[in-house]
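Heads up, the thing below is written out as structure tokens.
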Amino acid sequence: MKAIYRSFLQMLLFVQRDMMLFASCAAPLLAGLAFKFLIPLLEKRLTKWLGIDAILAPYYGLMDLFFSVLAPTMFCFAAAMVILEEHDDHIESYLFVTGLGKTGYLISHIALPGGIAFVVTLVLLPFFKLTALSGMEILLLSFTGTLQGIIIALLIVTLSTNKLEGMAVTKVSSLLILGAFVPYFVVHPVQYVAAVLPSFWMAKALCEKNIFYMVMAVLTSGIWIWSLMRKYKSGYKGHLHR
């Protein structure tokens, strides 16, 4: 545990020195303020201007879902960038052959940031939500949102060899959240084409108020995480095995 704790602190020092990564960790709070105040104001102005009862309001649940994914995505993105920087500096390989190992390294650099993001989302979502979410829904959204952040981080470190590639993979991997749009805009059974994306099940749970779909989101997330961790630990990019 001491090795994991020290590795985590070292990662925080990397984040502190990089202003882009440091600023990304503040994004959830700023976005939450925009979601809470600007979107309802925009809805009020648009409905008054166009003479329509509701324009954005039917999609407030979708916006709550996006917010639940935001902190995990930002925190895990920052962690993934640190991993890639340590890879460039050949620090990573040395850590793998210490008592930390690959498992401890992933815990300190991905699982712990994900856990912090979970707590942050759990605290902020009740204040910034736009719909009447129950305590259980907030808990499940925070948890499944954290799993999405972990998936994105694992995609970045598995498919990239440096920070430049990592930025490109981040843009592509963020498309995983697009599955959330499907239940809101596609009624036909063809919507299940997106069933491989956990965000699809998260959105379906909110649309239909059925917690069972959150279970599906957790299961599909687990498959993604297991597959990516297996690929990473099997010798990602020629790293040393442990």
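The values are calculated or read from the model by the stated rules, or taken from the named source; none is laboratory data. Small disclaimer: the values here were computed from a predicted structure and weren't measured. When we count neighbours, we look across all protein chains shown, and the Cβ atoms used for this are built from the backbone with ideal geometry, even at glycine. Quick note on the areas: whole protein, heavy atoms, side chains included, nothing else; ligands and nucleic acids left out. Shrake-Rupley method; radii C 1.70, N 1.55, O 1.52, S 1.80 Å.
Before moving on, here are some points about what is shown:
- Taking Cα atoms only, the orientation of helix 39-50 departs from the longest principal axis of the chain by about 30 degrees.
- Between helix 198-208 and the chain there is an angle of about 20 degrees, using the helix long axis and the longest principal axis of the Cα atoms.
- In a fully extended conformation the segment linking TRP226 and VAL196 would gain 9.4 nm over its present Cα-Cα distance, using 0.36 nm per residue.
- Remark: the range 154-160, residue by residue, has Karplus-estimated 3J(HN,Hα) of 5, 4, 4, 6, 7, 9, 10 Hz, where x stands for each Gly or Pro and the curve is 6.51 cos²θ - 1.76 cosθ + 1.60 at θ = phi - 60°.
- Accessible surface ranking that places the most exposed of LEU106, LEU159 first, with a 1.4 angstrom probe: LEU159, LEU106
- Degrees separating the helix 112-128 axis from the principal Cα axis of the chain, which is the longest one: 20 degrees
- Under 17 Å from LYS233, Cα to Cα: lysines that are on another chain or at least 8 residues apart: LYS102
- Inter-site label distance for VAL186 and PHE212 at 7 Å from Cα along Cβ, in nm: 2.1 nm
- The charge dipole of the chain, taken about the Cα centre with unit charges on the Cβ atoms of Lys, Arg (+1) and Asp, Glu (-1), comes to about 200 debye, rounded to the nearest 20.
- Long-range amide H partners of LEU130 with built H, under 5 Å: ASP64
- Taking Lys and Arg as +1 and Asp and Glu as -1, the other residues whose beta-carbon sits under 11 Å from that of PRO183 total 0.
- Translational diffusion of the chain, µm² s⁻¹ [Kirkwood Rh, Cα pairs; Stokes-Einstein; 20 °C; 1.002 mPa s]: 114 µm²/s
- In the chain, helices alone account for a calculated mean residue ellipticity at 222 nm of -22500 deg cm²/dmol, with every DSSP H run of four or more residues adding -39,500 (n - 2.57).
- In this simple spin-label model, placing a label point 7 Å from the Cα along the Cα-to-Cβ direction at both LEU219 and ALA26 gives a separation of 4.3 nm.
- The mean accessible area for residues of the chain, using a 1.4 Å probe and ignoring ligands and nucleic acids, is 50 Å² per residue.
- Placing unit charges on each Cβ (+1 for Lys and Arg, -1 for Asp and Glu) gives the chain a dipole about its Cα centre, and among LEU38, ILE55, ASN162 the Cα reaching farthest toward its positive end belongs to ASN162.
- Carbon/sulfur fraction of accessible area - the range 104-169, other protein chains in place, 1.4 Å, %: 83 percent
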